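The values are calculated or read from the model by the stated rules, or taken from the named source; none is laboratory data. The structure presented is a predicted model; accordingly, all values stated were derived computationally and were not measured. Heads up, the Cβs are rebuilt from the backbone with ideal geometry, glycines too, and the neighbour counts pull from every protein chain shown.
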Amino acid sequence: MAASVALRIDLPVFGVTSPVTFADGVREHQDEVYGVALRITGDRDAALDVASSTFLKAYRAFDRFDQSRPLRHWLLRIATNEAISYARKRGRELRRRVDVEEARALPDSKPAPDTESVAREERERIRAAVSLLPESSCSVISTSSASTRSRTSPDAQRRRWACSYSAVVRSCEALSR
């Protein structure tokens, strides 16, 4: 796969230039790259993933490698960066996960079905009672609720609607007499 890519290492002591392929570099340094990844991640499977991504990145950037520098240092720096990135990513994922038991203990933000049903019936009764009122009373009730809705808390709105409902019921009873 990568045997065709050649790296020339200048050996100034001997004055000899020796071409080294990417495959030779992998063979020479794969154990060290794995060791660095294992020390940082603390997990053998993760270290294998990091080592493979290290060599993949190194292969893709091999043409930009400074041939006057040692291949070992370059590969170990890539491995260190990859392992640190992997550990950060894994830490974020672990913080996002919630234990199953903790998730069951979390309260549901939706109201219970029976509460929704009672509220729906209440709204229907109010609408029915309002439909029986004279036009002038209906506009006062709807204007009152629309103008105070944005300024009041949900509890205050419920109390106001309870009062409105009782006023509507009294009005309806008075009208039906």
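Here is how the numbers come out for the structure above:
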read-out	value
Where a residue in segment 110-133 is part of a helix (DSSP H, G or I) and its partner, wherever it lies, is modelled with pLDDT under 80 and exposed (fewer than 10 other Cβ atoms within 10 Å of the Cβ), with Cβ under 9 Å and at least six apart	E116/K110; L132/S176
Matching residues in segment 58-92 - criterion: being farther than 15 Å from G42 by Cβ, of a type in the set (G, A, S) and surrounded by 14 or more Cβ atoms within 10 Å (Cβ to Cβ)	A58
Per-region count, segment 48-64, residues under 15 Å from D24 (Cα atoms) and hydrophobic (A, V, I, L, M, F, W, C)	4
